[in-house]
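Asker: First the structure, which I've put down as C-alpha cells, then a few questions once you've had a look.
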Amino acid sequence: MKILLIAVNQEKYPYPVQPIGLAYIASALTKKGYSTKILDLCFVDDFKSLIKEHIKSYYPDIIGFSIRNIDSTSYPETIYYLPKIFEIVHFCKEHSNAHMIVGGSGFSIAPQEILQYLELNTGIVGEGEDLFCEVIERLNQGKDISGIYRANISQIDDYSASRDFLEIEKYISEGSITSVQSKRGCHFECIYCTYPIIEGRKVRVRNPFDVACELEILNKKYGIDYFCFVDNVFNFPLNHAESICNAIIEKGLKIKWTGFFHPKFITKDFVSLLVQAGCSGVELGIDSASEKVLNILKKGFSTQHIIDAVSLCKQGGLNVCCCLILGGPGEDIATLKDTFEIMDKTAPHAILAYSGIRIYPKTEIEQIAIKEGYKLGNYLEPRFYISENLQDNLVKIIKNFASSHANFIYGGIPNEIPLEFLKRMRKRGVKGPLWELKSKFSRNFKK
C-alpha cells in the first residue's frame with residue numbers, strides 16, 4: 001500500500017513553516033513498512049501539475065491531507081485558507097481513486113464541519129502517528145474507514161520526525177526556522193486556547209537527552225544552527241526545560257534557539273542556563289498586562305510576574321518579546337492603558353500584538369461569546385471576540401500606540417513588515433523570528 005501525504009499550507013509569511021507534523025506521520029508509517037511520500041505545496045504555484053504528476057507516477061492507495069491552519073487568525077485583516085484547500089482536495093478527487101484522509105491541527109479544531117466542507121469521509125483528530133496506522137490497518141482488513149477517528153493520548157518518546165521527508169534545504173534557504181518539539185499537552189486554562197483540544201491537558205515530555213540528540217543530528221546533517229521549540233510552553237515543567245538546557249550544554253552544541261515561555265517560571269538561574277545553552281530570545285505569551293484582564297483570561301500569572309520576567313531576561317542577556325492579544329472579555333480603555341504603561345515600563349525588545357480573540361469551539365471564549373449574543377455559525381469562517389467596550393476603536397488605539405513605538409509589531413495586519421525586507425535579512429544570514437529582526441533592524445526598516 002502506497003501513501004501520499006500532502007501538506008496543503010501555502011502561507012510563507014513571515015517565513016515558511018516546515019510541516020513537522022507530517023514528518024512525524026511519515027516516519028511512523030515507514031516504521032510500519034508502508035511506502036510513504038510527502039508532497040509539500042508550500043513553494044508551489046501550479047499545484048495542479050505537481051499533484052497530477054505525483055498521482056500518475058506514484059499511484060497512491062491513500063492520500064492524506066494535513067491542515068495546519070484554516071485561517072491566519074489575525075484581525076482585522078484575516079486570510080481564509082479553506083477555499084484553496086477545498087480546491088486542492090477536489091483536484092485530487094478528480095484525478096485519483098485513492099482513499100482520502102484529512103487531519104492536522106487545523107482540522108482537529110472543527111473536524112465535523114471541515115470534513116463536511118471538504119466533502120470527504122475520513123478524518124483523524126489529534127495525534128496521528130499511531131491512529132493513522134490503525135486506520136490503514138482497518139482498510140487492509142477490508143473494513144469501512146468512514147468517520148472521524150480520535151487519538152488516545154499516549155507517551156511520545158517513541159515518536160520521531162525524519163526531516164529526510166522534507167525539502168529542508170529549500171526551507172532553510174527561504175528563512176524557515178526549524179521546529180523542534182520537546183513535549184505535548186497543556187494543563188493551563190487560558191479561555192481561548194486550542195492546545196488542550198489538540199494535544200490534551202496531560203503534559204507528556206520527551207527524554208531531554210533525545211531532544212539534544214535530535215538537535216545535534218539536524219545541526220550536523222543539515223548545518224542548521226537556529227531552532228524554535230514549538231511546545232505550547234517551553235519552561236513548564238521547569239525541571240524538564242532545565243534538563244534540556246543541560247543536555248545541550250553537555251553535548252557542546254553551537255546552536256541558537258528560541259521558544260514560547262511562561263513568565264511565572266522565569267528565574268535568574270534559569271535565564272543564565274538558557275544563555276549557556278544557546279537561547280537567544282524568549283517569547284512571553286502574556287496577552288495583557290492588566291491584572292483585571294489576566295484574571296478573566298485565566299492566564300495564571302500576575303502583572304508582577306511579567307515585570308520580573310522581562311527584567312530578568314534583559315539583565316541576563318536575552319532578547320525578549322511580549323506577545324499580546326488585545327480586546328478580549330473585560331478589555332476597555334483603562335485596561336489597554338495599563339498594558340501599554342507596563343510595556344513602556346519594562347521596554348521589551350519587541351511587542352507582538354494581535355487584536356480580538358479568534359473564537360474556536362469547545363473553548364470558554366465560545367461560551368462567553370454565545371452568552372453575549374454572538375452568532376457563530378459553523379466556526380469555519382473566522383469570527384473574533386472583541387470587547388463591546390472597544391468594538392469601534394480597538395484597531396485605531398493599537399495603531400496609535402504602534403506608531404510611536406519602534407519595537408511594536410501589529411499582527412492584525414498581515415505583511416506588516418514587507419516580505420522583501422525579510423528576504424534581504426535572510427540573505428545576509430540573519431536568523432531568528434520576526435520580532436528579533438524587527439528589534440535589530442527597526443532603524444533601517446521602512447514600510
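The values are calculated or read from the model by the stated rules, or taken from the named source; none is laboratory data. Computed from a predicted structure; not experimentally measured. Heads up, the Cβs are rebuilt from the backbone with ideal geometry, glycines too, and the neighbour counts pull from every protein chain shown.
Asker: Take the conditions within 30 Å of Ile357 (Cβ to Cβ), crowded, with 21+ Cβ neighbours inside 10 Å and touching a strand residue (DSSP E or B) at 6+ places or on another chain (Cβ under 8 Å) and apply them to Ser74. Does it pass?
Answerer: Values: within 30 Å of Ile357 (Cβ to Cβ): yes; crowded, with 21+ Cβ neighbours inside 10 Å: no; touching a strand residue (DSSP E or B) at 6+ places or on another chain (Cβ under 8 Å): yes.
Spelling it out, it is not the case that Ser74 is within 30 Å of Ile357 (Cβ to Cβ), crowded, with 21+ Cβ neighbours inside 10 Å and touching a strand residue (DSSP E or B) at 6+ places or on another chain (Cβ under 8 Å).
Asker: Filter region 187-196 down to the residues that are more than 14 Å from the chain's Cα centre (by Cα) and modelled with pLDDT under 95 and list them by number.
Answerer: Keep residues of region 187-196 that are more than 14 Å from the chain's Cα centre (by Cα), which gives 187-192.
The one that is more than 14 Å from the chain's Cα centre (by Cα) and modelled with pLDDT under 95: His187.
Asker: Counting just the residues of region 45-57 that are modelled with pLDDT of 95 or more and surrounded by fewer than 17 Cβ atoms within 10 Å (Cβ to Cβ), which one comes out nearest to Tyr385 (Cα to Cα)?
Answerer: Lys48
Asker: Scanning region 247-306 for residues that are polar (S, T, N, Q) and outside any loop (DSSP other than H, G, I, E, B), which turns out surrounded by the fewest Cβ atoms within 10 Å (Cβ to Cβ)? Let's see the steps before the verdict.
Answerer: Step one: list which residues in region 247-306 are polar (S, T, N, Q), which gives 258, 267, 272, 276, 280, 288, 290, 295, 302-304.
From the residues that got through so far, the ones that are outside any loop (DSSP other than H, G, I, E, B) too are 258, 272, 276, 280, 295, 303-304.
Numbers: Thr258: 26, Ser272: 16, Gln276: 12, Ser280: 18, Asn295: 13, Thr303: 19, Gln304: 10.
Only one residue fits best here, namely Gln304.
Asker: If we only count helices (runs of 4 or more DSSP H) wholly inside region 88-160, which ones have 3 or more residues that are of a type in the set (D, E, K, R) and touching a residue at least 12 places away in the same chain (Cβ under 8 Å)?
Answerer: On the way: elements: 105-109, 111-118, 129-140.
Helices (runs of 4 or more DSSP H) meeting the threshold: 129-140.
Asker: Quick one: in region 329-361, which of the residues that are more than 20 Å from Gly285 (Cβ to Cβ) and of a type outside the set (A, V, I, L, M) is modelled with the lowest pLDDT? Even if it seems obvious, please write down each step before you answer.
Answerer: Within region 329-361, the first condition is being more than 20 Å from Gly285 (Cβ to Cβ), and the residues that meet it are 332-334, 337, 361.
From what is left, the residues that are of a type outside the set (A, V, I, L, M) are 332, 337, 361.
Values: Asp332: 98, Lys337: 98, Pro361: 93.
The selected residue is Pro361.
Asker: Going through Glu119, Glu134, Glu87, Glu113 one at a time, which residue ends up being of a type in the set (Asp, Glu) and closer than 19 Å to Leu39 by Cβ?
Answerer: From the options Glu119, Glu134, Glu87, Glu113, the qualifying one is Glu87.
Asker: Only residues that are in a helix (DSSP H, G or I) and buried (at least 21 other Cβ atoms within 10 Å of the Cβ): list them for region 166-216, please. Step through it out loud before you land on a result.
Answerer: Kept after step one, since they are in a helix (DSSP H, G or I), are these residues of region 166-216: 168-173, 195-199, 208-216.
Tyr171, Ile198, Glu199, Val211, Ala212, Leu215 - these are the residues of region 166-216 that are in a helix (DSSP H, G or I) and buried (at least 21 other Cβ atoms within 10 Å of the Cβ).
Asker: Assess whether Tyr15 counts as being modelled with pLDDT under 95 and either farther than 25 Å from His95 by Cβ or crowded, with 18+ Cβ neighbours inside 10 Å (or both). Explain how you work it out, then say what you get.
Answerer: Working: modelled with pLDDT under 95: yes; either farther than 25 Å from His95 by Cβ or crowded, with 18+ Cβ neighbours inside 10 Å (or both): yes.
Yes; evaluated as a whole, the condition is true for this residue.
Asker: Still on this structure: Counting residues that are in contact with a helix residue (DSSP H, G or I) (Cβ under 9 Å, 6 or more places away or on another chain) and within 22 Å of Pro111 (Cβ to Cβ), which strands (runs of 3 or more DSSP E) fully inside region 1-82 reach at least 3? Let's see the steps before the verdict.
Answerer: On the way: elements: 2-7, 35-40, 62-66.
The strands (runs of 3 or more DSSP E) meeting that bar are 2-7, 62-66.
Asker: Here's another thing I want to ask about it. Taking region 343-360, which residues are among the aliphatic types (A, V, I, L, M) and outside any loop (DSSP other than H, G, I, E, B)?
Answerer: Met343, Ala350, Ile351, Leu352, Ala353, Ile357
Asker: Let me ask something else about it. So, in region 98-121, of the ones that are touching a Leu at 6+ places or on another chain (Cβ under 6 Å) and among the hydrophobic types (A, V, I, L, M, F, W, C), which residue ends up surrounded by the fewest Cβ atoms within 10 Å (Cβ to Cβ)?
Answerer: Checking each candidate, the answer is Met100.
Asker: Check region 312-321 and report whether any residue there is buried (at least 19 other Cβ atoms within 10 Å of the Cβ) and in contact (Cβ under 8 Å) with a residue 60 or more places away in the chain.
Answerer: yes
Asker: In region 164-182, how many residues are among the β-branched types (Val, Ile, Thr), touching a helix residue (DSSP H, G or I) at 6+ places or on another chain (Cβ under 6 Å) and modelled with pLDDT under 90?
Answerer: Total satisfying the criteria: 0.
Asker: So which residues in region 391-411 are closer than 19 Å to Leu352 by Cβ, in a loop (DSSP other than H, G, I, E, B) and not polar (S, T, N, Q), if there are any at all?
Answerer: Scanning region 391-411 gives His405, Ala406, Gly411.
Asker: Do any residues in region 24-45 that are within 10 Å of Ser160 (Cβ to Cβ) have Cβ atoms under 6 Å from those of residues that are among the polar types (S, T, N, Q) and surrounded by fewer than 22 Cβ atoms within 10 Å (Cβ to Cβ), where the two are at least six apart or on different chains, and which pairs are they?
Answerer: From residues that are within 10 Å of Ser160 (Cβ to Cβ), the pairs are Ser27/Ser160; Ser27/Ser162.
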